[in-house]
1. For a quick check of your reading: which helices (runs of 4 or more DSSP H) sit entirely within the stretch 358-434 and have at least 1 residues that are β-branched (Val, Ile, Thr) and surrounded by 22 or more Cβ atoms within 10 Å (Cβ to Cβ)?
2. Which pairs turn up if I take residues in the stretch 375-398 that are closer than 27 Å to GLU338 by Cβ and without any contact (Cβ under 8 Å) to a residue 40 or more places away in the chain and look for partners that are in a strand (DSSP E or B) and of a type in the set (Gly, Ala, Ser) with beta carbon separation below 8 Å, at least 6 apart in sequence or on another chain?
3. Run down GLU282, GLU347 and say which single residue is without any contact (Cβ under 8 Å) to a residue 24 or more places away in the chain, more than 25 Å from VAL411 (Cα to Cα), assigned by TED's automatic domain parsing to the domain that holds ALA417 and not hydrophobic (A, V, I, L, M, F, W, C).
4. Just wondering, is there one or more residues in the stretch 178-187 that are outside any helix (DSSP H, G or I) and buried (at least 17 other Cβ atoms within 10 Å of the Cβ)?
5. Only one of LEU385, LEU356, LEU420, LEU410 is within 19 Å of VAL323 (Cα to Cα), of a type outside the set (Lys, Arg) and touching a Pro at 6+ places or on another chain (Cβ under 7 Å). Can you tell me which?
6. Can you name the residue in the stretch 198-233 that is more than 30 Å from ALA255 (Cβ to Cβ) and of a type in the set (Gly, Ala, Ser) and, of all such residues, is surrounded by the most Cβ atoms within 10 Å (Cβ to Cβ)?
7. Given the options SER207, SER199, name the one that is outside the structural domain of THR391 (by TED's automatic domain parsing) and closer than 29 Å to LYS409 by Cβ.
8. Name the one entry in ALA182, ALA121, ALA147, ALA130 that is more than 30 Å from ARG256 (Cβ to Cβ) and either in contact with a strand residue (DSSP E or B) (Cβ under 7 Å, 6 or more places away or on another chain) or at pLDDT below 75 (or both).
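The values are calculated or read from the model by the stated rules, or taken from the named source; none is laboratory data. None of the values given here were measured: they were computed from a predicted structure. FYI the Cβ positions are ideal-geometry reconstructions off the backbone, even for glycines, and counts take in every protein chain you see.
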Amino acid sequence: MMSDVLWEIVTLIVLVVVGGGLLLLGLLRGGLGRKKAAPPVAAPSAREAKTRGANTYQAGSTATIDTSKGAEPSRPSPAQDAPVAESSAPAPTDAPADQATPASELTSDEARPADEAVAEAPDIEQPESARGRMTRLRSRLAGSNNAMGRGLLSVLSGDKLDDAVWEEVEDTLLGADLGVAATTEIVDGLKRRVQVDGSPSAEQLESWLHAELLAQVDPTMDRRIAASRIGDRPAVVMVVGVNGTGKTTTVGKLARVLVAEHKNVVLGAADTFRAAAADQLETWGARVGVPTVRSDKDGADPAAVAFDAVKQGIDGEADVVLVDTAGRLHNKVGLMDELSKVKRVIEKQSPIDECLLVLDATTGQNGMRQAEIFAQAVNVTGVVLTKLDGTAKGGIVVLVQRELGVPVKLVGLGEGADDLAPFDANAFVNAVLD
């Protein structure tokens with residue numbers, strides 16, 4: 001009896017010890033597991049996500065036109081995906097999660113996106129102001145054209161002003177490409193002055209000749225370029241001319257003139273038939289931070305390129321769109337029809353405010369034939385005479401204006417980037433007689 005009781009007591013003690021040991025072991029395991037588990041990571045808030053993706057700083061970008069109206073949201077640049085360097089020092093626990101390191105505390109390389117830390121800012125040139133260009137270039141104009149002036153003054157300074165003298169004056173004027181009508185008017189005007197005043201001095205003759213020439217050049221003509229916004233749209237300038245006149249170069253130089261006047265310019269490379277024409281125009285634009293709308297396909301539809309250029313100008317709120325067209329030979333009927341098509345397509349979204357015809361001054365009378373053909377295809381509103389410093393036949397200025405009824409608005413007086421100048425009638429005549 002006594003042994004049974006002892007056995008039960010021993011059994012109970014063993015069960016209590018084993019059960020307690022198992023319970024203690026379980027508690028120990030649970031505590032260690034909790035210490036090893038990583039704390040849960042909270043998902044970033046919307047504000048944090050926006051802050052991390054807001055690194056849109058761009059260094060040295062070229063001037064562009066804002067096309068945000070109606071445009072799709074811009075895609076983040078590769079630099080936006082670059083990892084952000086963390087500070088080695090622990091951040092305060094109560095600091096806001098979206099707090100960024102001030103830009104002033106970053107090094108120059110850290111402050112720039114990864115893909116722009118190496119890129120250098122393109123050199124944007126500062127064009128010379130249009131004012132004063134004619135004065136600076138006057139010596140070049142005088143050097144080529146004052147042979148006519150010297151010849152006239154030499155003839156008129158003789159002892160007698162007889163028929164032989166007047167005939168020589170006519171020959172000199174005709175040789176300078178003034179044309180028959182203008183030559184006749186100048187000679188008749190001089191004869192009348194001589195008849196009224198008798199025998200004039202050399203200074204008086206020069207003054208009369210200056211007045212007659214200036215009347216033919218006509219300083220009253222409006223030579224302004226339509227290059228300002230009209231209502232809610234940009235001005236549209238179409239530039240036409242044959243190959244070899246310097247047309248595309250003129251468009252690039254005209255962009256420089258307008259940028260110097262603080263105009264927002266868009267270039268349209270619609271000369272798609274000439275190899276490298278678009279590249280040439282794009283290079284001119286890049287030099288002054290002006291965008292160029294172009295097609296990378298040779299022989300692309302020029303009307304489509306012109307349309308897109310005007311559209312970008314409208315969307316980007318530009319001041320003026322300059323559209324370069326193919327250098328069409330004036331005896332190619334199909335190409336002239338294509339030019340008319342470009343004009344029609346542009347006018348589907350905007351009127352053409354200016355159509356400039358580029359002529360090579362050295363071609364003389366042949367340039368008039370070109371001018372007449374182009375005037376039939378498009379409404380020419382002004383003329384750009386290139387290479388005027390390379391000819392002694394400056395009378396083409398008078399001839400073109402008389403035949404077309406439109407003014408010479410710009411003249412090229414050299415190969416330099418800023419050697420395109422607004423035409424000044426008084427400066428031109430002064431240079432001729434200098």
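1. Passing ranges, in order: 396-404, 425-432.
2. Note: pairs meeting the criteria are LEU385/GLY412.
3. Residue meeting the stated conditions: GLU347.
4. The answer is yes, given that some residue of the stretch 178-187 is outside any helix (DSSP H, G or I) and buried (at least 17 other Cβ atoms within 10 Å of the Cβ).
5. Selected residue: LEU410, the only one of LEU385, LEU356, LEU420, LEU410 that is within 19 Å of VAL323 (Cα to Cα), of a type outside the set (Lys, Arg) and touching a Pro at 6+ places or on another chain (Cβ under 7 Å).
6. Restricting to residues being more than 30 Å from ALA255 (Cβ to Cβ) and of a type in the set (Gly, Ala, Ser), the top hit is ALA215.
7. Going through SER207, SER199 in turn, the sole match is SER207.
8. From the options ALA182, ALA121, ALA147, ALA130, the qualifying one is ALA147.
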